[in-house]
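Here's the structure, in structure tokens; my notes come after.
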Ligand code: GLC
């Protein structure tokens, strides 16, 4: 049994970018750091990026052990026909073997008591790079059932994992279908409720998006990575439709193509061409990736979430609510667990242009309704997303009693002995 004061916790993240899973990891590291200042906490990243300085600020040691390109780009979305799949799998697998040696050396220097891994690729690699056989915890942020290749790999590696933390009950249900034997625990994400608050600086969104200032415009924005399922096309089409009734609406697409998996994302050119073909030139601005989203959210009159597939959790939804903004969201998946439709968010059906357009018109026309939704959203975010709640639940999941007395090392569950050849 390890002395809880001397715990060395190793975190692994496939990406160093700032998508939802990584933003959630920052808040988790921050919360655990605040609750356990005596721990040694290391983060190893599969790619460098803005995540790294953000966590170094509060005393997390970081190191990049970069994925080789073939591994970084591999994924379910990049795969074409059967032969192509087989070829890419072999290339990615041989890249993974070399990579594991380097990751194992880096992890070996840390001698962790526990490993907490984020991102499917890291989760599958982690058991191969765990020299001290520390308990391995997977933190699942997405529906693995949607991904054929990853489902297979996760199922094969689940026996080397002690516990899966999942970000919603909906993701838990999906994950249990793929890895039925592994204990799971739903832990909702937290956010920094002071940073994401109605009060604070407001970005000049028009300048960021290179569009002329517009007095009296109602600004509605989709803030998301450029992943194809985030619903950019639905948003643009709904905006074009809603502007027929409410021409004061102006749209913003905030974010960029930040991930490396081949074929999984829109390009800016594609989105701009779609906006032009819908007659939205001059009525929609593209603000690119924003490292500090709170001032950008505060510049909006409403935040739009338009994922066309079930959203596992939806960090952006709670960020918008915490900023006191009305949120219009696509009602499916774990995101449904966050809101009460009509009370603290407006909802539309995933992919349904008409119902999203109706909601856009409603927020454009109803100033008092916007204020009421914003206030109720803030209240909900405060109730759901407190960092102290997250820290307590994560430490409990690690097997640490709330009094901080003991870390139960579940050697039998986690030992990757079968991999140790
Ligand atoms: C992933 C999910 C998103 C969730 C985030 C944090 O990015 O797709 O829904 O908000 O992880 O858990």
Problem set entry | Residue in region 1-16 that is nearest to residue 126 (Cα to Cα), counting only those that are buried (at least 22 other Cβ atoms within 10 Å of the Cβ) and more than 16 Å from the ligand (Cβ to nearest atom) | 10
For this session: Within region 125-143, identify whether any single residue is within 16 Å of the ligand (Cβ to nearest atom), part of a helix (DSSP H, G or I) and free of Cβ contacts under 8 Å to residues at least 60 places away in the same chain, and answer yes or no.
Result: no
Exercise. Hey, among 303, 268, which residue is buried (at least 19 other Cβ atoms within 10 Å of the Cβ) and within 30 Å of residue 200 (Cα to Cα)?
Worked result: 303
Exercise. Can you tell which of 104, 155 is closer than 23 Å to residue 29 by Cβ, assigned to a helix (DSSP H, G or I), touching a helix residue (DSSP H, G or I) at 6+ places or on another chain (Cβ under 6 Å) and touching a residue at least 12 places away in the same chain (Cβ under 8 Å)?
Worked result: 104
Seminar exercise, completed: Here the residues within region 337-346 that are within 16 Å of the ligand (Cβ to nearest atom) and over 13 Å from residue 384 (Cα atoms) are 345
Exercise. Can you find a residue in region 43-55 that is in a loop (DSSP other than H, G, I, E, B), surrounded by fewer than 20 Cβ atoms within 10 Å (Cβ to Cβ), more than 16 Å from the ligand (Cβ to nearest atom) and modelled with pLDDT of 95 or more?
Worked result: yes
For this session: Scan region 179-192 residue by residue and report those that are within 16 Å of the ligand (Cβ to nearest atom) and either more than 17 Å from residue 397 (Cα to Cα) or in a loop (DSSP other than H, G, I, E, B) (or both).
Result: 187, 188, 189, 190, 191, 192
Exercise. Does residue 357 fit the bill of being crowded, with 23+ Cβ neighbours inside 10 Å, more than 16 Å from the ligand (Cβ to nearest atom) and either under 19 Å from residue 251 (Cα atoms) or touching a residue at least 24 places away in the same chain (Cβ under 8 Å) (or both)?
Worked result: yes
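Restricting to region 17-32, give me the number of residues that are assigned to a loop (DSSP other than H, G, I, E, B) and either crowded, with 23+ Cβ neighbours inside 10 Å or more than 8 Å from the ligand (Cβ to nearest atom) (or both). It would help to see each step written out before you state the result.
Residues of region 17-32 that are assigned to a loop (DSSP other than H, G, I, E, B), as a first pass: 17-19.
Those still in the list that are either crowded, with 23+ Cβ neighbours inside 10 Å or more than 8 Å from the ligand (Cβ to nearest atom) (or both) too: 17-18.
Matching residues across region 17-32 total 2.
Residues checked against (1) in contact with a strand residue (DSSP E or B) (Cβ under 8 Å, 6 or more places away or on another chain); (2) buried (at least 17 other Cβ atoms within 10 Å of the Cβ); (3) within 26 Å of residue 47 (Cα to Cα):
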{"position": "121", "(1), (2), (3)": "no, yes, yes"}
{"position": "130", "(1), (2), (3)": "yes, yes, yes"}
{"position": "142", "(1), (2), (3)": "no, yes, yes"}
{"position": "148", "(1), (2), (3)": "no, no, yes"}
{"position": "151", "(1), (2), (3)": "no, yes, yes"}
{"position": "157", "(1), (2), (3)": "no, yes, yes"}
{"position": "172", "(1), (2), (3)": "yes, yes, no"}
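Of the residues 326, 310, only one is surrounded by fewer than 24 Cβ atoms within 10 Å (Cβ to Cβ) and in contact with a strand residue (DSSP E or B) (Cβ under 8 Å, 6 or more places away or on another chain); which? If you could, list the steps in order and put the result at the bottom.
Working: 326 fails: surrounded by fewer than 24 Cβ atoms within 10 Å (Cβ to Cβ).
After ruling out the rest, the residue left standing is 310.
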Exercise. Applying the selection to region 321-334, what residues are in contact (Cβ under 8 Å) with a residue 60 or more places away in the chain and within 12 Å of the ligand (Cβ to nearest atom)?
Worked result: 330, 333, 334
Problem set entry | Residue match in region 98-108 (condition: at pLDDT 80 or above and on the phi > 0 side of the Ramachandran plot) | no
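Can you tell which of 249, 236 is modelled with pLDDT of 95 or more, touching a strand residue (DSSP E or B) at 6+ places or on another chain (Cβ under 6 Å) and crowded, with 17+ Cβ neighbours inside 10 Å? Please lay out each step first, then the result.
On the way: 236 fails: touching a strand residue (DSSP E or B) at 6+ places or on another chain (Cβ under 6 Å).
Answer to the check: 249.
The values are calculated or read from the model by the stated rules, or taken from the named source; none is laboratory data. These numbers were taken from a predicted model, which means no experiment stands behind them. No Cβ is skipped: glycine too gets one built from the backbone with ideal geometry, and neighbour counts run over all protein chains shown.
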